[in-house]
């Protein structure tokens, strides 16, 4: 019997062996390993679905040990806050005359705006007076480390929401057509301002879009774009600035590989195409380019694997016939990226949690 892969999904997943049995030297079979420890079984598709919705990618390895306890209590307080907010809103609506024939829409709106305005004004005073102390003592409020970045933004945003301009417009504009026009205009400005605000942020960690922009320029001119330029080129609406000819899927299960290349000989050829010290292997399927990651893969290995995948799509002979040339290009790209200020010790690429060992 020959073992091709040992596989596990995250650290809680069931371990799987992909082996060629002694009775059939060509086929590959999937053999689950059953131990005494609790394992996460993939057949529990519903559990996996809800885990993907409510838990961060890679849980529990991607978070600290206190994450679950915090989320449980935070969820309880959120439910209680929602219920109290519903009761408060009911009382306020009743107080401003909802359902009463003598209350005009303008007076009800004015009452609501005053209620919102006084609430936000109180937040301004609270943020302005206590914001710095929350940075040093984050446990004193439900703010966490995020307050160190957003407390000043919170004052600005809250102030903008206390504006009585909307109430003034309602009092002076009597034409329904004009009100619709104003609504459309401010909505468009709102969308435009959000886009410009996002574009103003310079992110120095590669996601797929920024990585492809940087790679395209490198392969075309052997030049590395700085983060500021790449962020300007990156689209913040639907679509991508740069796309690849075949979808790249990272962190796949060995089952995808075995289903595409069914014989032991084909699998051995793919694995042997890569340096034994590499933390990834790449194989093309009908609809995607699969990247399979080793248990010891680190974030920089993921960036390297994606670099090799894009190189392969440019010239499908590179990985086998010009492997070391691609390796030299990667080293050059990595040095140039670091010199330009890019973060190469982390990434924001989408990577599934399957990890393999093909050195068994």
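Can you order the peptides 6-19, 172-185 by their average number of other Cβ atoms within 10 Å per residue, highest first?
6-19, 172-185
Find how much the distance from residue 34 to residue 76 grows on full extension, using 0.36 nm per residue of separation minus their present alpha carbon separation; answer in nm with one decimal.
11.5 nm
I want to check the label-to-label distance for residue 275 and residue 236. Put each point 7 Å from Cα in the C-beta direction and report it in nm to one decimal.
Here the answer is 4.0 nm between the modelled labels.
Relative contact order of the range 206-347, please, whole-number percent, based on alpha carbon pairs below 8 angstrom and at least 6 residues apart.
Once divided by the residue count of the range 206-347, the mean separation gives 27 percent.
Mind giving me the FRET efficiency for residue 65 and residue 221? R0 is 51 Å, r the Cβ-Cβ distance, nearest 0.05 is fine.
0.60
Going highest first, how would you order 211-222, 77-88 by mean Cβ packing within 10 Å?
The most tightly packed comes first, giving 211-222, 77-88.
At a 10 Å Cβ-Cβ cut-off, how would you order 74, 268, fewest neighbours first?
Taking fewest neighbouring Cβ atoms as first place, the list is 74, 268.
Quick one: which of 303-312, 325-334 comes out on top by average Cβ neighbours within 10 Å, and what's the full order, highest first?
303-312, 325-334
Pairwise over distinct Cα atoms, reciprocal of the mean inverse distance: report the Kirkwood radius of the range 206-347 in Å, one decimal place.
Computed over the range 206-347, the radius equals 15.9 Å.
Simple spin-label model, 7 Å along Cα-to-Cβ: residue 178 to residue 195 in nm?
About 2.9 nm, to one decimal.
Take the Cβ-Cβ distance between residue 343 and residue 88 as r, set R0 to 45 Å, and report the resulting FRET efficiency rounded to the nearest 0.05.
E between residue 343 and residue 88, to the nearest 0.05, is 0.55.
Using label points projected 7 Å from each Cα along Cα→Cβ, tell me how many nm separate residue 300 and residue 1, to one decimal.
Inter-label distance under the simple model: 3.9 nm.
The numbers here are math on the coordinates, done by the rules we state, and not lab data. What you see is a predicted model, and the numbers here were worked out from it, not measured in a lab. Neighbour counts are summed over all protein chains in view; Cβ atoms, including those assigned to glycine, are modelled from backbone coordinates with ideal geometry.
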